[in-house]
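First comes the structure, then the notes that go with it.
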Amino acid sequence: MSVEFKKAERIQKLPPYLFAEIDRLKRQVAARGVDLINLGVGDPDTPTPAHIIARLREAAENPANHRYPDYEGLLAFRQAAADWMERRYGVSVDPATEVVSLIGTKEGIANMAVAFVDPGDIVLVPDPGYPVYHIGTSFNGGTSFRMPLRRENAFLPDLAAIPAEVARRAKLLWLNYPNNPTAAVAPRAFFEEAIRFAQRNDVILCHDAAYAEIYFGERPPSVLEIPGGREVAIEFHSLSKTFSMTGWRIGFAAGHADLIAGLGKVKTNVDSGVFQAVQEAAIAALTGDLGVVERLRAMYRERRDVLVGGLRDIGLACDPPAGTFYVWVPVPRGLTAAALATRCLTEAGVVVTPGNGFGEAGEGYIRLTLCTPVERLREAVERLRRLAL
Ligand SMILES: Cc1ncc(COP(=O)(O)O)c(C=O)c1O
């Protein structure tokens, strides 16, 4: 007798996986022996700096680190995170009550909804956006209200356009700057407006700052450095992109003590924190030579200039990213995002991501990543030139 394992509704309700077709085509093209250039993945191609690896090696030898960590993180790690916030933003947070360690920001983003979203609550999410804001909401019975990010509004959500009833019922407002996938950076004035919106509507302002250190102009602001931010906001920081540490799974949240405590409460119940040796290595990252971050920025800047220059040269007009390692490219008239992505893959062996995979408002764009050396980016442009777009 066969047993039917019916999946929970929250899994059945997951949005369709829009990259399935691209994944299938990728396998098909690779099987033909085509040397694919992957501009689809947002995962740094450069190794973690040596001093961070050395610290992990040492810390892994210490038997004290082989035991369960504290779910909220070593106080020394939280202190290093607090010092980072002071050094980078002039923001002083209490490491004991206003910082919590995370197993990557993805974990914290998903658990924020477990801590604060009840069935029927509304969560304001950017569209296009990192999918976890919506998925965390949906897993916990909430409803996402999508805020379109459009070029004519500098890829900022129009908070004034949110209906009063929606704003009243909203529990969380998700923002993410520097932004994945549009590569926009938000000015201080926008954060001031978002803080006023949060105060007026009793909404928790959640700022995902995973790309905080990848910028090409002025340093992007922390929401916590803006007056009023400390009273309404929580900010998510990741070591993943800043130090090329995506595989290590470490980040932190900083902000209002009640928000940190709520997130911490979830973590005591569902996970047991980050391997302490990884936390020690993260301390080495946060307190060590920041020249490594400067060099990563310079590397992405060079790649950005090569790719954007090349794309413009072949007739694909696009704005140079202000931050992140993404390039958000408008699709030429007459094509959809999926159709262009398919042509790039099947006719040029270049993997790109169709923008509607990040939400409906992403239709009309493709996203390219800068996690590939310049020579390969140049080659990608040459191959795309043959598509005569
Ligand atoms: C906008 C955004 N936020 C958060 C994350 C998660 O990063 P991590 O869990 O590695 O800190 C990503 C990863 O791609 C991202 O693009």
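Quick notes
- The value obtained for region 219-283, namely the Cα convex hull volume divided by the number of residues, is 98 Å³ per residue.
- Taking the centroid of alpha carbons for each part, region 174-210 and region 291-366 are 23 Å apart.
- Reduced Cα scattering model of region 295-349, Debye log10 I(q)/I(0), q = 0.20, 0.21 Å⁻¹: -0.81, -0.87
- Region 141-293: C-alpha pair distances exceeding 24 Å, %: 39 percent
- DSSP-loop trypsin sites (Lys or Arg not before Pro) across region 354-389, with at most 15 other Cβ within 10 angstrom: 386
- Which listed pairs, of 7/171; 171/267; 171/241, have C-alpha distances above 26 Å, in listed order: 7/171; 171/241
- Listed by chain and number, the aspartates and glutamates placed with their C-alpha closer than 20 angstrom to that of residue 26 are 35, 43, 45, 347, 379, 382; residues fewer than eight positions away on the same chain are left out.
- Across the alpha-carbon set of region 108-222, the Rg to Rh ratio works out to 0.94, Rh being the Kirkwood radius.
- Ratio of the Cα radius of gyration of region 106-152 to 2.2 N^0.38 Å, where N counts its residues: 1.13
- Virtual paramagnetic centre 7 Å along Cα→Cβ of residue 287, amide N under 13 Å, in region 247-276: none
- Candidates per trypsin sites (Lys or Arg not before Pro) in region 42-106, loop by DSSP, up to 14 other Cβ within 10 Å: 67
- FRET E, pair residue 382, residue 164, Förster distance 51 Å, beta-carbon r, rounded to 0.05: 0.45
- Structure-based [θ]222 nm, the chain - -39500 (n - 2.57) summed over DSSP H runs of at least 4, per residue, nearest 500: -12500 deg cm²/dmol
- Percent of Cα pairs in the chain per distance bin of 10 Å, from zero to the largest separation: 5, 22, 31, 26, 13, 2, 0.
- Rotationally averaged projected area of region 39-108 (alpha carbon convex hull; nm²): 6.8 nm²
- Over region 67-137 - Rg/Rh using Cα atoms and the Kirkwood inverse-distance radius: 1.05
- Measuring nothing but alpha carbons in region 230-389 and taking Rh as the Kirkwood radius, the Rg to Rh ratio lands at 1.07.
- Bridging of residue 265 to aspartates and glutamates at a Cα separation below 19 Å is possible for 70, 72, 94, 98, 107, 118, 235, once same-chain residues fewer than 8 apart are set aside.
- For region 166-229, average projected area of the Cα convex hull in nm²: 4.4 nm²
- Secondary structure note: in the chain, about 45% of the DSSP beta bridges are antiparallel.
- Calculated FRET efficiency for the pair residue 200/residue 43, C-beta based, R₀ 45 Å, to 0.05: 0.70
Where a number appears in this text, it was derived from the coordinates with a stated rule and is not lab data. Computed from a prediction, not measured in an experiment: that's the story for all the values here. Ideal geometry is used to build each Cβ from the backbone, glycine not excepted, and the neighbour counts take in all protein chains shown.
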